[in-house]
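Presented below is the structure to which this report refers.
The values are calculated or read from the model by the stated rules, or taken from the named source; none is laboratory data. What you are looking at is a predicted structure, and each value in this text was computed from that prediction instead of being measured. Cβ coordinates were reconstructed from backbone atoms using ideal geometry, including for glycine residues, and neighbour counts include every protein chain displayed. Accessible surface areas use protein heavy atoms only, side chains included; no ligands, DNA or RNA. Shrake-Rupley method; radii C 1.70, N 1.55, O 1.52, S 1.80 Å.
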Protein chains: 2
Amino acid sequence: MASDASPAPTPVTLREVAAAAGVSVATASKALNGQGRMMAETRERIRETAQRLGFRPNSLAQSLLRRRSFTVGLLTNDTYGRFSLPVMSGISDALVDKGVSVFLCNVEDDQRLGQLHVEAMLDKRVDGIIATGKRIDRHLPVDLANLRIPVIYAFTQPDPGAIAFVSDDAGGARLAVEHFWRLGRRRIVHFSGPASFAVVHARAQAYRDVLTEKGLPAMEPLLGSWSEAWGHEAVKKLFDRKGEKPDAVFCGNDQIARGVIDALRERGLDVPDDVGVIGFDNWQIVAEATRPPLTSVDMNLAALGREAGLTLLSLVGGEPAAPGIRKLPCRLVVRQSCGRPPGG
Amino acid sequence: MASDASPAPTPVTLREVAAAAGVSVATASKALNGQGRMMAETRERIRETAQRLGFRPNSLAQSLLRRRSFTVGLLTNDTYGRFSLPVMSGISDALVDKGVSVFLCNVEDDQRLGQLHVEAMLDKRVDGIIATGKRIDRHLPVDLANLRIPVIYAFTQPDPGAIAFVSDDAGGARLAVEHFWRLGRRRIVHFSGPASFAVVHARAQAYRDVLTEKGLPAMEPLLGSWSEAWGHEAVKKLFDRKGEKPDAVFCGNDQIARGVIDALRERGLDVPDDVGVIGFDNWQIVAEATRPPLTSVDMNLAALGREAGLTLLSLVGGEPAAPGIRKLPCRLVVRQSCGRPPGG
DNA sequence: CTGAAAGCGCTTACAG
DNA sequence: CTGAAAGCGCTTACAG
């Protein structure tokens, strides 16, 4: 016997289930939760009754009692969402299976909004909070210190002493430069974004380190903006001058790489035959639109989100976790902008 | 006297406030809610006590009583988020000021996930649900009929008889074609995405309608994919053949337009002098990277989200609303890909 | 094996 | 003007 097509205007309560099954609410509760001991038939009868009436326990009441709401707050300032969204969906996916729901809080860069959302979360008794953003070197406009509930930072600047997950930018850069090396490229340059970004320095340093380890001459990275236009401009700067030209360009993001590839083609250079190009972010829609499709470093943001979500849950469950910043590995997604190894 | 730097491990309750102020919890409740009548001084003393102790009412308890949780569920299948994200932030912004929080539910295209999230929302007693997605002609993998709480569809295929907000695609296409007309362009073509998308037909029909109204010969739109590559290919198809060339291309999205602009430049045609180009979606990061920057139709998705959020709230508040699909106007964002009017 | 009682934190008639 | 009581929907010791 299925439940009605049009549901009752008000949800069925445990009290109604108990009445229908001819037991007390206490017994009904225990039957449905598998608690206490009672005759198997009683338990089964109550279960069937609940099922038949379409009973679903009111989470609000359960939360009040259990002191656990099975909700978490997710703060972000990334309205555009290119970085936040994979993180967010990773978090959401990790939590939905545990019955935990996620409040989406868009705080922009607005103190008032930040405060408003944090207070709303606290009032709604979220079990924990995850902060995420569009830059790992900027703090959200919120005060998350001394909150009484666990807080995790994911892809945003953490408070000192907090637990944070970020991508391993240096490791990602290494992946790119070492890939070029393995392909036999020896004149590798690096174009990146503005010096005001911490990741620009982390990636540039890793780039220098690998060159040094391989005994190649250090070339200073060219810093500019995160745009295609800067990719064009950087190519002009470097390929206009006399002397040996680079045979590989490692770019700080995919848009720069896109500009580089277009600029190289415009001056008659072949990618990957003359010059190999690698981007960063693995922004699929851009990486697949370049000609040829772009090899790029992926920060594994969805995995980062999963990790953050799972860690928050274990904190909520009372398990301890060491504070600090955990760097999660990137991976290189190989497409066609670098060619094959010399003998390959 | 501010609250402690490190908060109590457990939030302060109304009972504690009442005790500290020397009144009953009932009186404390009424004082803080502005209910009932009591001496102004009593009310003020209770307020101060609450303030001093950092009292914040437990929303879970309030919700249980009020039968209103001040939360709504937001379902989406747009993991990538290009369309969903503006809608979502519009919704969130509209609701946060009313104290309503939003549960983010990523249902992908997975029935199981959809069911899981809807049940979680119902169990958590959300006041309403908003469904959004990446296509207005596809239904989310969830059953939202007969839910007992209000449901609004925003930028996704609604159930029959439901309330839905979508962009006015035909109106947006008109904006583009009429803009070309005003600029004196008379040989206007239309490149768009796959025929399997409803918006492709809506926009194509509006394109034909405007041409007919203006007494221009109808040219059949060229349908392909949503990619830059298709923009290139379509240019090749149309500009390779003999006879008069188009002087304006209205594109079904910004990526096609990007491909068109690049392809035109590659064959020595000037944009906008020889050919004007308009895109659709106003995907800022693409529109601003084309050379010249792209004029594009914006679907006003954030406004659509706001509208959806506000309407849901009024339904929750018991106000009636007529079912049906409401088309919200697009706007044309003029950049430099169309040039100026003949005399301008 | 089952039920009456107390309670989570709050609000709202209803008495005094 | 203020407080004791009942109750939102559930769970969990504690009696029987």
Determine the distance separating the Cα centre of the stretch B:250-275 from the Cα centre of the stretch A:235-262; give it in Å without decimals.
24 Å
Percentage relative contact order, chain B, counting C-alpha pairs under 8 Å, at least six apart
17 percent
Within the accessible area of the stretch A:232-288, what % is carbon and sulfur when the probe is 1.4 Å and the other protein chains stay in place?
43 percent
Please label the shape of the stretch B:85-132 as rounded, prolate or oblate, based on the square roots a ≥ b ≥ c of the eigenvalues of the alpha-carbon gyration tensor (a/c under 1.5 means rounded; beyond that, a/b larger than b/c means prolate, else oblate).
oblate
Equivalent-ellipsoid semi-axes (√(5λ), Cα gyration tensor) for the stretch A:174-264, whole Å, largest first?
19, 16, 11
To test your reading of the geometry: what angle, between 0 and 90 degrees and rounded to tens, separates the Cα axis of helix A:228-240 from the longest principal axis of chain A?
20 degrees
Gain in span if fully extended, A:Gln51 to A:Ala26, counting 0.36 nm per residue against the direct Cα distance
7.3 nm
Charge tally for neighbours of B:Lys214 with beta carbon under 15 Å away, counting Lys, Arg as +1 and Asp, Glu as -1, is +2
Treating the Cα atoms of chain B as identical point scatterers in vacuum, please give the log10 of the normalised Debye intensity I(q)/I(0) at q = 0.08, 0.12, 0.13 Å⁻¹, two decimals.
-0.54, -0.88, -0.96
Where in the stretch B:113-129 does accessible area fall by at least 30 Å² between the isolated chain and the complete protein assembly, at a 1.4 Å probe radius?
B:Leu116, B:His117, B:Asp123, B:Lys124, B:Arg125
Given the Cα-Cα distance of B:Arg267 and B:Arg37 and 0.36 nm per residue of separation, how much length would full extension add, in nm?
74.7 nm
What is the magnitude of the charge dipole of the protein assembly as shown about its Cα centre, with +1 placed on the Cβ of each Lys and Arg, -1 on the Cβ of each Asp and Glu, and no other charges, expressed in debye to the nearest 20?
800 debye
With a sphere of radius 14 Å drawn around the Cβ of B:Asn106, what net charge do the other residues whose Cβ falls strictly inside it have (Lys, Arg +1; Asp, Glu -1)?
-3
Tell me the label-point distance for the pair B:Lys237, A:Arg241, using the 7 Å Cα-to-Cβ offset, in nm and rounded to one decimal.
4.7 nm
Ascending list, in nanometres, of distances separating the A:Lys245 label from those of the other copies (7 Å, Cα toward Cβ):
2.8
With no solvent and one point on each alpha carbon, what is the Debye value of log10 I(q)/I(0) for the protein assembly as shown at q = 0.08 Å⁻¹?
-0.74
Positive minus negative residues near B:Arg125 (Lys, Arg vs Asp, Glu; Cβ under 13 Å)
+4
What lysines could a cross-link reach from A:Lys245, if we take a straight Cα to Cα line under 30 Å and drop same-chain neighbours fewer than 8 places away?
A:Lys214, A:Lys236, A:Lys237
Compactness check, the stretch B:206-344: C-alpha Rg relative to the 2.2 N^0.38 Å globular estimate gives 1.29
Report the accessible area of B:His117, computed with a 1.4 Å probe over the heavy atoms of all protein chains in place, in Å² rounded to the nearest 10.
10 Å²
Among the lysines, which have Cα under 21 Å from the Cα of A:Lys327 when same-chain residues fewer than 8 positions away are ignored?
A:Lys134
Taking the Cα atoms only, what angle lies between the long axis of helix A:84-96 and the longest principal axis of chain A, rounded to 10 degrees?
30 degrees
Taking B:Arg135, A:Arg267 and ranking on accessible area (1.4 Å, protein atoms only), highest first, one gets A:Arg267, B:Arg135
Any idea what Rg and Dmax come out to for the stretch A:106-149 if you just take the C-alpha atoms, in Å?
10.4, 29
Top of B:Val334, B:Val297, B:Val17 by mean-square fluctuation, Gaussian network on chain B, Cα under 10 Å
B:Val17
For the stretch B:290-315 and the stretch A:196-231, what is the centre-to-centre distance using only Cα atoms, to the nearest Å?
38 Å
Per its Cα gyration tensor (rounded if a/c is under 1.5, else prolate when a/b beats b/c, else oblate), the stretch A:22-63 is best filed as oblate
The alpha-carbon center of the stretch B:20-56 and that of the stretch A:27-45 are separated, in whole Å, by 43 Å
List the distances, in nm and shortest first, from the label point of A:Arg15 to the matching label points in every other copy, placing each point 7 Å from Cα along the Cα-to-Cβ direction.
2.1
Take peptides A:237-244, B:47-54 and line them up by average Cβ neighbours within 10 Å, highest first, as a rough protection proxy.
B:47-54, A:237-244
With θ set to phi - 60°, apply the Karplus curve 6.51 cos²θ - 1.76 cosθ + 1.60 along the stretch A:250-264 and write out the HN-Hα couplings as whole Hz, x wherever there is a Gly or Pro.
9, 9, x, 8, 6, 5, 4, 4, 4, x, 5, 4, 5, 5, 5
Protein heavy-atom accessible area occluded, A/B pair - total, 1.4 Å probe, Å²:
5100 Å²
Can you give me the accessible area per residue for the protein assembly as shown, using a 1.4 Å probe, in Å²?
44 Å²
Test item: A:68-79 mean partner chain Cβ contacts at 10 Å:
2
Using a 1.4 angstrom probe with every protein chain in place, what is the largest-first accessible-area order of B:Trp283, A:Trp181?
A:Trp181, B:Trp283
Can you give me the three principal axis dimensions of the stretch B:1-90 from its C-alpha atoms, in Å, biggest first?
55, 33, 20
Förster radius 41 Å - calculated FRET efficiency between B:Glu288 and B:Met219 (Cβ-Cβ, nearest 0.05)
0.90
With every protein chain in place, the accessible area of B:Phe197 for a 1.4 Å probe, in Å² rounded to the nearest 10, comes to 40 Å²
Hey, any idea what % of the stretch A:14-57's accessible area is carbon plus sulfur with a 1.4 Å probe?
48 percent
Reported to the nearest 10 Å², B:Arg138 has, with a 1.4 Å probe, an accessible area equal to 110 Å²
If you put a point 7 Å past Cα along the Cβ direction, how far is that point for A:Glu44 from the same point in each other copy, in nm, smallest first?
6.8
